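Worksheet: one structure, shown below.
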Amino acid sequence: MHEIFVTLGFGIVSAAILSLSAVAFTLEYAVTNVANLAHGEILTVGAYAAYVVQRSTGNILLSALAAAGAGGLLALGMQVLVIDRFVRSRAGSLLTFVATVGIAFILENILVIIFGAANVAYTIPQSAPMQIGPFLWTSTELQIILSALAITAALYVIITFTKFGKALRAVFQNRELARVTGINSQFVAAATWFLAGLVAGYAGFVLAESVGTFTPYFGFSFFLITLTATVAGGLGKPFSTMAGAVIVGLALVFAAAYISSSYNLAFAFAILTVVVLVRPRGLFTKPGRSMFE
Amino acid sequence: MISQFWVDYLVSVLTEGAIFGIAALGLNVIWGWAGDFDLAFYGYVALGAYMTIVLTVGQPIPPSQYIIGLQLPYPVAIVGAIAASSLLGLVIGLIALRNLRGIYFSIVALGAVYVLYVITSQYVPLFNGYNGVFGLFNPLGAELNISFTDYPYYFLFFCLIVIALVFLFMARVSESRFGLVLRSLREDERAAAAFGRNIYALKLKAYVLGAAVGGLAGSLLAAYLTAFNPSAWAPLEVVILYSAVLVGGKGNIRGVLLGVFVIFILVQESTRFLPDVPGQPNVVPSLRLITIGLVLVLFLYFRPQGLIPEGRRRYHMPGPQAEPSASGDAKLQAASGSLVQAPGVEAMAASAVGPSAGAATITATSARATPAQSAVAPDSLPDILVVDGLTKRFGGLTAVDNCSFRVPEGQVTGLIGPNGAGKSTAIDLISGFKLPDGGTVTFSGANITALPPHRIARRGLIRTFQTPREWPGLTVLENVLLAKFEPDQETLFRGLIGPGLGHRSIAERDLARAREILAEFGLTTLANERAGNLSGGQKRLVEFARIRMAQPKLVILDEPMGGVNPVLGERMAEAIAGFVRAGTTVVVVEHNLPFIERVANQVVVMAQGAVIASGPFEVLRSNQTVIDAYLGNEVGV
């Protein structure tokens, strides 16, 4: 019984990180209809920004803010300089998707030039694990869980109750219609990407904290798990995505604990395959019955 | 005097270029022709390389571990590599192509290659984990008595022969009917299914063909590198291959080779000579990759069609205006000019002025004769299509509700009803594009309920769509040519050996028929124009020409007058009469009631998902239910 709670406790931490990354990815998709393959690199850049600040100041809060800020600015830059131009030139979502592959490639290699390809790590003092209910968590893990809950709550308020959130949902439903009804869809898209970038950058920081070490390629491998969670939850739907992330996060941790941790990506892909074959629009939708429906 | 260093360098660059050229030609089948953005592609190259090595080397010496180790001759290993990559492509394609398109397909493909990468690097007994497999030195060198120093030249020569053969193979496929059909999937899948193409099977064929060519490239790569390990193929490496295909011009095999030259040789090699930054070994290779990424993004934005775009294949058209001139506008004008001169147009223009006027005609007591009226009473004719109790629900909404009607053979049946009556959904259900929740569809005496669209089309039931679904990147002639499903002519094998008579890639008989039909519809001058450049009305004419070419037993036309200048009405009515004369039964969905009155022998009226009335138009004219459904109680007095 004890062992299950240890695994479950770790699973909650993983699910928290994954849900942050996945909700950011789904928000990016929601307003531009573009699956951003360079999403993983936003996490990586966030992790390295926190690394730089942590090295010079040693302050964790400042590091976290740096990660979020760097992620936000990077996502905003991607949206304004590249994605928005592609969307406006009616390039088609597949062409834009290919462009994000190129961006991922460029960002990874810029990071290699600046930081090298070797592993780096933060130096954050770890507290002894604390007993909370049946779970054992370190202070870092508690910080991850609580901040993920807080961010989720903030996103919920923004998307559900604010005028901006309403505009965001309108743009997701129908970009053209939103535009002709006077919503500045370009602004909504840019603001949403900035918001998503903040979340993704922070997710990169907590992921790096949780994993321990990272390289310029680490965001990309986590991106595949993010994709699985997002597709399982439903692309473009923030809260279904987070639910998908919790399911996938827990499933992967249990698979790692009871089968093997070397094949995490393979397990993620297995889940992804089953989901796209059975419920291509997400676990919380009705299954499509014909290819053309 | 060129130094030996430069000769060796040139040989290695050309060898690499040839190998990646082969891989790019394989990727072009999947991405350029079938239109699937396959992020798994480099996995097939890698598997080919791994398999070649483990097939040619002996048993592993501990601590090395790998499978097979049979010391087979290199040519056998090449075949084995191609087979392994094809098989993997088949498995991934079976999963990913089943019902996934666009980014969903790419995501699953990316996942698949990543898993492959994880397994090959983590599971040591397969290909020796991170250390990889090695030991393939100068294959066949000893057998053919080639010295160590001469071997690179021979190997380059071998690679050039292979790429030449692959190029000729691809050139043949490109010009064949099989190649055209693949492109039609890329251009519009629904239209391809509506004209009898099994999309899943065709996409799978293209995918496996591409994977096989990737495997071939891999087996050459293995011989060139002598070893292979996971660091030789970080999954994002495929981006380099993508840049090459995109920069050159996807879909165009010459363009693809040019792209390989530009990316692999110009960009890669020019950056190789940048000075090294002391203590920073990563800078130069990373700068090279950044350059490639930038080239990819900039090309996608400024020139997505590539340096040499996929050309239009021009076919000879008989007649004085046969050779298309550069002035497309002049041709378009000439074509519409000929439409204005069509007989009876003025009379048609007076009556056909859109649906609102049409609705008014219902209540009026105009005694205009219906010229298409047949002398035979519809009741005495056999029914070619019987729809019985068809039902479709979307969540809480029942779009088609226990809908039943019959279509007598050899007649024109109008299907009318207000917006939201469920007409288009009913057509989707009949033609297999949506699956019904209940009811049956019987066509020519056979139950076709819930068959996939291509099977229904092959039985002789063809439908059109509310918006014309032409294949925009194909020419008008090709659009018409491909309307006829020719199972024997469209296989890859046929594409390679030619259609049988003569040496042309497309059967002359089909071309002649397509030309004849284009002439009939006044489209001869536009034959070699891309269909996507046509006006709305011209696209409708192409759609009609396709039906003529397909010669189905039954055609369902979904709002053929939608978005069309009423002047074209006369021509459309004539074309429908022509279909009937050629033995095609017609169902036409239309809001333009005068048009229906003119062309249809009888009319089926739908409202709120069900059939509320059917019979000759003039009888329904006075039917209060029909008037209410169209105009509401208050108005329809």
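For the range B:203-220, a residue qualifies if it is among the β-branched types (Val, Ile, Thr) and within 16 Å of residue B:172 (Cβ to Cβ), and exactly one does: B:213.
When the range B:283-309 is filtered for residues that are crowded, with 20+ Cβ neighbours inside 10 Å and in a loop (DSSP other than H, G, I, E, B), only B:306 remains.
Here is a yes/no grid of residues against (1) in contact (Cβ under 8 Å) with a residue 60 or more places away in the chain; (2) β-branched (Val, Ile, Thr); (3) more than 10 Å from chain B (Cβ to nearest Cβ):
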| site | (1), (2), (3) |
| --- | --- |
| A:181 | no, yes, yes |
| A:218 | yes, no, yes |
| A:229 | yes, no, yes |
| A:253 | yes, yes, yes |
| A:266 | no, no, no |
| A:281 | no, no, no |
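Would you please name the residue that is surrounded by the fewest Cβ atoms within 10 Å (Cβ to Cβ), looking only at residues in the range B:218-267 that are away from every other protein chain (no Cβ under 11 Å) and part of a loop (DSSP other than H, G, I, E, B)? The selected residue is B:226.
Whether any residue in the range A:64-71 is buried (at least 20 other Cβ atoms within 10 Å of the Cβ), within 14 Å of another protein chain (Cβ to nearest Cβ) and assigned to a helix (DSSP H, G or I) is what I want to check. For the range A:64-71, residues buried (at least 20 other Cβ atoms within 10 Å of the Cβ), within 14 Å of another protein chain (Cβ to nearest Cβ) and assigned to a helix (DSSP H, G or I): absent. Only one of the listed residues (A:136, A:198, A:168) is over 19 Å from residue A:16 (Cβ atoms) and in contact with a helix residue (DSSP H, G or I) (Cβ under 9 Å, 6 or more places away or on another chain). That residue is A:168.
Scanning the range B:198-208 for residues that are of a type outside the set (A, V, I, L, M) and within 13 Å of chain A (Cβ to nearest Cβ) returns B:198, B:200, B:203. Here residue B:2 passes the criteria (1) assigned to a loop (DSSP other than H, G, I, E, B); (2) farther than 26 Å from residue B:271 by Cα except the one numbered (2). If the condition is being of a type in the set (Gly, Ala, Ser) and either surrounded by fewer than 20 Cβ atoms within 10 Å (Cβ to Cβ) or assigned to a loop (DSSP other than H, G, I, E, B) (or both), then the range A:205-219 contributes A:210, A:212. When residues in the range A:29-55 are screened for being closer than 25 Å to residue A:186 by Cβ, of a type in the set (Val, Ile, Thr) and in a helix (DSSP H, G or I), 4 of them pass. Of everything in the range B:268-282 that is in contact (Cβ under 8 Å) with a residue 12 or more places away in the chain and part of a helix (DSSP H, G or I), the residue that is surrounded by the most Cβ atoms within 10 Å (Cβ to Cβ) is B:268. For the range A:248-279, the tally of residues that are over 25 Å from residue B:101 (Cβ atoms) and surrounded by fewer than 18 Cβ atoms within 10 Å (Cβ to Cβ) stands at 7. Got at least one residue in the range A:93-106 being out of contact with any Pro (no Cβ under 9 Å at 6 or more places or on another chain), in a helix (DSSP H, G or I), surrounded by fewer than 17 Cβ atoms within 10 Å (Cβ to Cβ) and within 14 Å of chain B (Cβ to nearest Cβ)? For the range A:93-106, residues out of contact with any Pro (no Cβ under 9 Å at 6 or more places or on another chain), in a helix (DSSP H, G or I), surrounded by fewer than 17 Cβ atoms within 10 Å (Cβ to Cβ) and within 14 Å of chain B (Cβ to nearest Cβ): present. Among the residues that make up the range B:218-240, is at least one of them touching a Ser or Thr at 6+ places or on another chain (Cβ under 8 Å), in the same structural domain as residue B:141 (by TED's automatic domain parsing) and under 19 Å from residue B:31 (Cα atoms)? Taking every residue of the range B:218-240 in turn, at least one turns out to be touching a Ser or Thr at 6+ places or on another chain (Cβ under 8 Å), in the same structural domain as residue B:141 (by TED's automatic domain parsing) and under 19 Å from residue B:31 (Cα atoms). Going residue by residue through the range A:114-133, is there one that turns out to be surrounded by fewer than 20 Cβ atoms within 10 Å (Cβ to Cβ) and assigned to a helix (DSSP H, G or I)? Yes, the conditions are met somewhere in the range A:114-133. Residue A:147 - would you say it is touching a strand residue (DSSP E or B) at 6+ places or on another chain (Cβ under 8 Å), among the hydroxyl-bearing types (Ser, Thr, Tyr) and surrounded by 14 or more Cβ atoms within 10 Å (Cβ to Cβ)? When the stated conditions are applied, residue A:147 does not pass them.
Restricting attention to the range B:389-438 and to residues that are crowded, with 21+ Cβ neighbours inside 10 Å, in a strand (DSSP E or B) and among the small types (Gly, Ala, Ser), the residue that is nearest to the other protein chains (Cβ to nearest Cβ) turns out to be B:399.
Of the residues making up the range A:233-268, those that are more than 16 Å from the chain's Cα centre (by Cα) and either part of a loop (DSSP other than H, G, I, E, B) or under 19 Å from residue A:156 (Cβ atoms) (or both) are A:259, A:260, A:261, A:262, A:263. Across the range B:87-109, the number of residues qualifying as part of a helix (DSSP H, G or I), among the hydrophobic types (A, V, I, L, M, F, W, C) and at the interface with chain A (Cβ under 7 Å from one of its Cβ atoms) comes to 4. All of (1) in contact (Cβ under 8 Å) with a residue 40 or more places away in the chain; (2) more than 16 Å from residue B:196 (Cβ to Cβ); (3) part of a loop (DSSP other than H, G, I, E, B) hold for residue B:564 with one exception: (1). Take the conditions closer than 10 Å to residue B:416 by Cβ, surrounded by 22 or more Cβ atoms within 10 Å (Cβ to Cβ) and not hydroxyl-bearing (Ser, Thr, Tyr) and apply them to residue B:599. Does it pass? Against the criterion (closer than 10 Å to residue B:416 by Cβ, surrounded by 22 or more Cβ atoms within 10 Å (Cβ to Cβ) and not hydroxyl-bearing (Ser, Thr, Tyr)), residue B:599 does not qualify.
Applying the condition of being farther than 15 Å from residue B:137 by Cα and in contact (Cβ under 8 Å) with a residue 24 or more places away in the chain to the range B:58-77 and asking which residue is surrounded by the most Cβ atoms within 10 Å (Cβ to Cβ) yields B:66.
Of the residues A:82, A:45, A:98, A:52, which is touching a residue at least 40 places away in the same chain (Cβ under 8 Å) and either of a type in the set (Val, Ile, Thr) or closer than 21 Å to residue A:140 by Cβ (or both)?
A:45
The values are calculated or read from the model by the stated rules, or taken from the named source; none is laboratory data. Quick caveat, the model's predicted, so the values are computed rather than measured. We place every Cβ from the backbone using ideal geometry, glycine too, and count neighbours over all the protein chains shown.
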